[in-house]
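Report on one structure; see the data block that follows.
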Amino acid sequence: MDESGAEGTRLQRVEHEFEGDARDVETAFAHPSPARSPRLLVSVVAVVAAALGGGLITIQARINGQLALELGDGYTAALISFFVGLVVIAVVSAVSAKARRGIRMIPAAVRSGELPWWMLLGGFAGATLVLSQGLAVTLIGVALFTVAIVAGQTIGSLVIDARGMGKVPPKPVTATRVIGTIVVIGSVALSVSPQINAHAPFLVLLMPLIAGCLTGWQQAVNGQVRTTVGSPVTATLVNFIAGTLLLGVVAIVHIALAGPPASLPTNPALYLGGVLGMIFIMVAAVIVPLVGVLLQGLAAVTGQLVAALVIEALFPAPGTTLQLVTIAGTLLTIVGLAISVIPKRAKDAARTDTAKPVAPID
């Protein structure tokens, strides 16, 4: 063989080696090794983010509560909170090319049936939750209200996770998730047990329970909008438009019957509740497609309790003291959340190994 022929043979060999390496890389991405799977890390990061978002909701509740107190009108306070959040997310959407593209995609997605129109109404659930706060808390107390909300959200989340919704596939209701859910609900009840009133009217208690179920649905449909249009900002904007419209109608009816507030508070911090709610909705829209409605909800509840514990310790309300049972219940809630995050790694790894094709022997 002459020199040019030998050189050509070497080039062909090198080319085949590169092609083989490329196939190996492609196979590695298509069938990642279970030992290197980032699934647990992604779940942990997502759960921590959801917990931080839940903490923002606790701060939002304090702000909105003070705003309602100074206005003397919980309905108008809820509308102001949603409207401020709507203005901020509208500005963010205007400067984000991805969000603007997502907004343009919505009409076509609705017409094609890819995004059912009722999935644009997730903000109604948030508005319902705010209204139930104004109507129920004064009758049953914050403690029972919290337990009812958590129970409703957990039940709704379990059902949605088991059935799936749209592009969000069903999540397996594993034993660890069920145990973690029971621990979380029991821990919340323990945390607020010093404040529970056993004589609360059942029908009033039913209101936050239903609102909690709708909250799980809200996170699911917002996650669906985000998955369809590819933008959590767009999903958050849609959520705030729907919620603001509903609260606007309710506030107008209330003002027509009871009259408007005498004046608006001058403290600018009282108008930040909607911004915190906007961040929570946006974070949830990203997290739900990753870990499901149940884990997102449990993490948010944990974050709310931890934030409430910190606020109560640092800035206690007049006439209240931090109870040891509240601290114990909050810590137990974190344990329940940790149990829920545990994946079935051994079974998943075995299933992945079984599904892998066997390479032929040369």
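No lab work stands behind these numbers, since they all come straight from the coordinates. Remember, predicted model here, so these are calculated numbers, not experimental data. Every residue, glycine among them, receives a Cβ derived from its backbone with ideal geometry; neighbour counts consider all protein chains shown.
Rank-order 226-238, 80-92, 105-117, 289-301 by packing density, defined as the average count of other C-beta atoms within 10 Å over each peptide's residues, highest first.
Averaged packing, sorted descending, gives the order 289-301, 226-238, 80-92, 105-117.
Show me, for the range 291-298, the HN-Hα J-couplings you get by feeding each phi into the Karplus relation (A = 6.51, B = -1.76, C = 1.60, θ = phi - 60°), rounded to Hz, glycine and proline as x.
10, x, 5, 5, 4, 4, x, 4
Sort 247-254, 262-269, 155-162 by packing, meaning the average of other beta carbons within 10 Å per residue, with the highest value first.
Final packing ranking: 155-162, 247-254, 262-269.
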